[in-house]
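**Q** Quick one: the structure is below, questions incoming.
Here, each number is a calculation from the coordinates, and none is a lab measurement. Predicted model only: the values in this text are computed from it and were never measured. With ideal geometry, Cβ positions are generated from the backbone for all residues, glycine too; neighbour counts draw on all protein chains shown.
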Amino acid sequence: MIEPVSISVNYQLAQKLLDGSVLRQQAIATNIANAETPGFRRIDLAPDFASALRAQFAPGAVPSAGEIAAISPHLAEDANVHTVRPDGNSVELESELLAMNKNHVDYEFLTDVVSRDLKQLKVAITGNVS
């Protein structure tokens, strides 16, 4: 029997990674908008999101779609960044622009993966390659 796309592990993982990518884009936009705000601390995806996904896909682990669905990305202050200015702001504009470009590439890749899976399903259903 064919497993429905929406509950497949690969689809669930791609969905979570896309959710994380969208949230990271919001964090980067917030960081850039506050680059001149005294005392502002850089935010990013909380590191526990990535570690929770890694744990689910450790060698030999077979995660269920429900376990993956329970993981959700959220924002947190970046504990690894140091204050770069005397006013306490920890945003480096160049780093944020690089992060924005990397995040864009990641997002494009993930949307291509999901689109390819859906296109394959459409071909299987209709028999049309176009």
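**Q** Any aspartates and glutamates with Cα under 16 Å of the Lys16 Cα? List them, leaving off those in the same chain fewer than 8 positions away.
**A** Those aspartates and glutamates meeting the cut-off are Asp44, Asp48, Glu67, Asp106, Glu108, Asp112, Asp117.
**Q** What order do you get for 71-82, 14-25 when each peptide is scored by the mean count of other beta carbon atoms within 10 Å, highest first?
**A** Sorting 71-82, 14-25 by mean packing, highest first, produces 14-25, 71-82.
**Q** I've got another one for you. Using a Debye calculation, one point per C-alpha and no hydration shell, please list log10 I(q)/I(0) for the chain at q = 0.09, 0.11, 0.14, 0.21 Å⁻¹ in order.
**A** -0.36, -0.51, -0.73, -1.19
**Q** Another question, then. Per DSSP H run of n ≥ 4, the term is -39500 (n - 2.57); total these for the chain, divide by its residue number, and report the mean residue ellipticity at 222 nm rounded to 500 deg cm²/dmol.
**A** Helices in the chain give a 222 nm mean residue ellipticity of -19500 deg cm²/dmol.
**Q** Continuing with the same structure: In debye, nearest 20: dipole of the chain around its Cα centre with unit charges on the Cβ of K, R (+) and D, E (-)?
**A** Charge dipole of the chain: 360 debye, to the nearest 20.
**Q** I want to check the label-to-label distance for Asp112 and Leu98. Put each point 7 Å from Cα in the C-beta direction and report it in nm to one decimal.
**A** 2.3
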